[in-house]
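The values are calculated or read from the model by the stated rules, or taken from the named source; none is laboratory data. The structure presented is a predicted model; accordingly, all values stated were derived computationally and were not measured. Note that we place each Cβ from the backbone using ideal geometry, even for glycine, and neighbour counts take in every protein chain shown.
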Amino acid sequence: MWNMGCQHLEELYELWLLGALSERGSLDLREHMARGCPHCLAGIREATETVYLLGLASKPARPHPRVKSELLRQISRKAPPHR
Amino acid sequence: MSVELPAEDLLARVARHDVDALSELYDRYAPRVYGIVAHILPARDAAEEILQEVFACLWGESARLSQEGNSVVAWLVVTAREAAVDRLRALRKNAANIGPQASIAHSGKGSDPGAQKSKAGVLPPSVAKSLEGKTTALKPRLADVARTPAMGTVPAAWLPLPKEITLIDDRLVLLHKVINQLPKPQRQALELAVFGGMCESEIAAEIGEPLGKVQRSLRAAVTFVKHRRRAVCGTWAANI
């Protein structure tokens with residue numbers, strides 16, 4: 001059930017996801033989310049889209065090819081046969 | 001002409017231990033992910049390590065992620081930013097424990113007149129340089145960092161579905177336009193939050209403004225971007 005007392009949290013969703021809130025604000029929202037508020041869950045989902053977009057504000061950069069080689073070597077060691 | 005497979009189809013193949021599918025996802029998204037990580041972390045070896053760990057995590061979590069059906073690129077971007085910011089915070093904390101230069105990293109107003117801010121506006125080159133080559137000793141494992149969820153644990157219910165979000169490079173110009181429309185103090189505060197890994201009080205100390213003003217700036221900036229999100233993604237026709 002939507003808790004009418006949570007409207008003031010709406011403007012905090014994105015900052016919470018970014019880890020930019022003070023300890024107090026972060027704690028309030030975390031405790032509220034732990035109670036499973038569907039209104040805030042929907043808001044957090046939209047806020048994640050905004051956080052995603054903000055991440056895209058950086059310019060793409062080409063990593064050194066060595067990183068991919070190491071990654072594939074690392075996972076190939078652990079990988080069971082391809083199904 | 002070959003048609004590019006949806007990322008979610010490739011992820012389903014990764015979940016069946018198809019290394020070629022992971023290789024294809026890497027080729028498609030590594031520049032985007034590395035761009036975010038390298039913007040946050042000044043040291044290249046740390047940025048490369050996070051990039052590798054994010055894709056290794058995608059491999060390890062592929063079965064769960066594929067089942068949940070969320071957007072792969074959204075998971076990659078959100079996870080990479082969190083992981084890089086966690087590493088940056090840990091490096092900053094370690095720098096604070098190393099010596100007096102650490103206060104510069106937090107306040108940006110140290111007594112060293114030659115101190116210049118790094119590209120992320122967080123560590124001056126003198127501190128960043130001192131960390132280079134020491135990251136093996138300094139860096140905590142990602143699992144040790146508790147301020148935000150550990151890598152790859154963003155709840156599925158929080159992530160958008162593929163149809164709700166797209167990575168359309170030619171629309172990113174609109175995103176930059178939106179961000180450039182922000183007043184400079186708001187843009188600066190948002191940059192420090194998104195790519196500097198700073199919380200409100202750290203931003204206030206960094207830019208020398210009262211906490212209340214920084215809080216208002218951040219909320220206004222986020223609201224501005226949020227209200228233009230659909231237009232940037234192309235799901236609303238709107239002038240920006």
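Brief remarks on what is shown
- Test: residue in segment B:60-70 that is at the interface with chain A (Cβ under 10 Å from one of its Cβ atoms), touching a helix residue (DSSP H, G or I) at 6+ places or on another chain (Cβ under 6 Å) and not polar (S, T, N, Q): no
- The requirement of being within 9 Å of chain A (Cβ to nearest Cβ), within 20 Å of residue A:10 (Cβ to Cβ) and in contact (Cβ under 8 Å) with a residue 60 or more places away in the chain is fulfilled nowhere in segment B:196-213; no residue meets it.
- Residue in segment B:26-44 that is surrounded by fewer than 21 Cβ atoms within 10 Å (Cβ to Cβ), more than 10 Å from chain A (Cβ to nearest Cβ), more than 17 Å from the chain's Cα centre (by Cα) and not basic (Lys, Arg) present: no
- Qualifying residue in segment B:13-23 (condition: crowded, with 23+ Cβ neighbours inside 10 Å, within 7 Å of another protein chain (Cβ to nearest Cβ) and closer than 19 Å to residue B:83 by Cβ): yes
- Residues of segment B:45-67 classified as among the hydroxyl-bearing types (Ser, Thr, Tyr) and within 14 Å of the chain's Cα centre (by Cα), total: 0
- Listing of helices (runs of 4 or more DSSP H) fully contained in chain A that carry 2 or more residues being facing chain B (nearest Cβ under 7 Å) and modelled with pLDDT of 85 or more: A:13-18, A:38-55, A:65-78
- Breaking point among (1) under 23 Å from residue B:16 (Cα atoms); (2) at pLDDT below 90, for residue B:99: (1)
- Within segment B:1-86, helices (runs of 4 or more DSSP H) holding 2 or more residues that are closer than 17 Å to residue A:69 by Cβ and not aliphatic (A, V, I, L, M): B:19-40, B:44-68
- Subset of segment B:192-207 (residues that are small (Gly, Ala, Ser) and within 17 Å of residue B:179 (Cβ to Cβ)): B:193, B:196
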